[in-house]
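The values are calculated or read from the model by the stated rules, or taken from the named source; none is laboratory data. This is a predicted model, so every value here is computed, not measured. Here Cβ is always computed from backbone atoms with ideal geometry, including for glycine, and neighbour counts include all displayed protein chains. Areas reflect the complete protein model, heavy atoms only, side chains present, ligands, DNA and RNA absent. Shrake-Rupley method; radii C 1.70, N 1.55, O 1.52, S 1.80 Å.
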Amino acid sequence: MSTIIIICEGETEKEFCEKTLSPYFAAQNIYVYPPLIKKTMGGIVKWKELKKQVLSHLMNDTSAFVTTFIDYYGIHSKYEFPKWDKAEAENDKNKRMEILEEGMLMDIDKTYRFRYIPYLQLHEFEGLLFNEINVFHEQILPNELVGLKELEDIFIKYDNPEMINNKRETSPSHRLQRIINGYNKVVYGNILAESIGLEKIRNKSPRFNEWLNKIEQIKNKPNDNTIS
């Protein structure tokens, strides 16, 4: 069995890994271990701290692959991610993520690099939850669904949930706080994710889908960089 260590930004991502990704990958002989960011036990840190944790996992488990499940929303220049300035100058958000992920990858020693899959979620994990409007009606009580007009407008405007943007007032998580009375990130996030199902999430979120494709491929990869 192959192992993928998914370093999660917070409890919402960790729970999603445990309840949704873990059983999915277990069926493919891939074991998922989803630790939180160690420095904060939830919350973004400077790249040098995240890099330290990535390397620690790669060095301590020489057969495991390591990836990150971190929101682009919330990362700023002060966190000193590689190629930050170049990425921010790029208008295309998908290309911007590619620049940042390439910078993260190339900053890992080449001895371990082949077992590292950098990933930033554009813009937030919660964006993936805007997948099917019926799920909101099925899972949220009518008296809690207080932002129905905003919810409907989001589904009209965004075919790709990953493009729901990252300004504070319009980020997916802040939209959900307005739409659902008493919204709790971990509880509601995973209720909605489980109800949507992984296949539908993948179908509407191309970057997220490509990330899972890369994880699926580790079972076909050697964990020895002397083998090509």
Accessible heavy-atom area order of Asp159, Asp92, Asp71, highest first, probe of 1.4 Å = Asp159, Asp92, Asp71
Compute the acute angle (0 to 90°) between the alpha-carbon long axis of helix 185-196 and the principal axis of greatest extent of the alpha-carbon atoms of the chain; round to the nearest 10°.
-> 90 degrees
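Considering only protein heavy atoms and a probe of 1.4 Å, how much of the accessible area of the chain is carbon and sulfur, as a whole percent? Spell out each step's value before the answer.
Values: 5190 of 10920 Å².
Exposed carbon and sulfur together represent 48 percent of the surface.
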What range in the chain is the longest one free of GluC sites (Glu not before Pro) that are in a loop by DSSP and have at most 16 other Cβ atoms within 10 angstrom?
-> 145-228
Virtual spin-label span in nm between Tyr24 and Asp61, 7 Å along Cα→Cβ | 1.9 nm
Identify, among Asn134, Trp84, Tyr73, the residue whose Cα sits farthest towards the positive end of the charge dipole of the chain, taking +1 on the Cβ of Lys and Arg and -1 on the Cβ of Asp and Glu, with the dipole about the Cα centre.
-> Trp84
Lys95: which aspartates and glutamates have alpha carbons under 19 Å from its alpha carbon, excluding same-chain residues fewer than 8 sequence positions away?
-> Asp71, Glu80, Asp85, Asp107, Glu124, Asp159, Glu162, Glu210
So, with +1 on the Cβ of K and R and -1 on the Cβ of D and E, and no other charges, what is the size of the charge dipole of the chain about its Cα centre, to the nearest 20 debye?
-> 600 debye
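Which of the pairs Lys83/Lys221; Lys14/Lys38; Lys46/Lys86 have their Cα atoms more than 22 Å apart in this structure?
Working: Lys83/Lys221 28 Å; Lys14/Lys38 13 Å; Lys46/Lys86 17 Å.
Checking Cα-Cα distances, Lys83/Lys221 exceed 22 Å.
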Dipole of region 1-122 (Lys/Arg Cβ +1, Asp/Glu Cβ -1, origin at the Cα centre): which of Pro23, Thr3, His57 lies farthest to the positive side?
-> His57
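Once the other residues with Cβ under 13 Å from the Cβ of Ala89 are scored (Lys, Arg +1; Asp, Glu -1), what is the net sum? Could the numbers behind the result be given before it?
Details: positive: Lys83, Lys86, Lys93, Lys95, Arg96; negative: Asp85, Glu88, Glu90, Asp92.
Here the count lands on +1.
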Dipole of region 88-227 [Lys/Arg +1, Asp/Glu -1 at C-beta], most positive-end residue of Leu212, Pro161, Tyr116 | Tyr116
Per 5 Å bin, what is the whole-percent P(r) computed from every C-alpha pair distance within region 1-88?
-> 3, 14, 23, 22, 18, 12, 6, 2, 0
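Find the relative contact order for the chain and round it to a whole percent, using C-alpha pairs within less than 8 Å whose residues are 6+ positions apart. Walk me through the intermediate numbers first.
Values: 334 pairs, mean separation 49.3, N = 228.
Relative contact order here is 22 percent.
Rounding to the nearest 20 debye, state how big the charge dipole of region 1-129 is about its Cα centre with +1 on each Lys and Arg Cβ and -1 on each Asp and Glu Cβ. Write down the numbers at each step before the final one.
Numbers: 17 positive and 20 negative charges, 90 e Å.
Using Cβ point charges on Lys, Arg, Asp and Glu, region 1-129 gives about 440 debye.
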Taking a probe of 1.4 Å and leaving out DNA, RNA and ligands, the chain shows per residue an accessible area in Å² of 48 Å²
Which cross-chain or sequence-distant (5 or more) residues have an amide H under 5 Å from the amide H of Tyr116, H modelled 1.01 Å from N in plane?
-> Val66
Label-zone membership for region 47-88, site Asp109, 7 angstrom Cα→C-beta point, backbone N under 15 Å | 51-63
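Contact order normalised by length for region 9-117, with contacts defined as Cα pairs under 8 Å and 6 or more residues apart; what percent is it? Please list the in-between numbers first.
Working: 101 pairs, mean separation 25.9, N = 109.
Value for region 9-117: 24 percent.
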Among Ile156, Ile133, Ile191, residue whose mean-square fluctuation peaks in a GNM of the chain (springs only between Cα atoms under 10 Å) | Ile156
Measuring from its Cα centre, region 6-68 shows a charge dipole (+1 at each Lys and Arg Cβ, -1 at each Asp and Glu Cβ) which, in debye to the nearest 20, is 320 debye
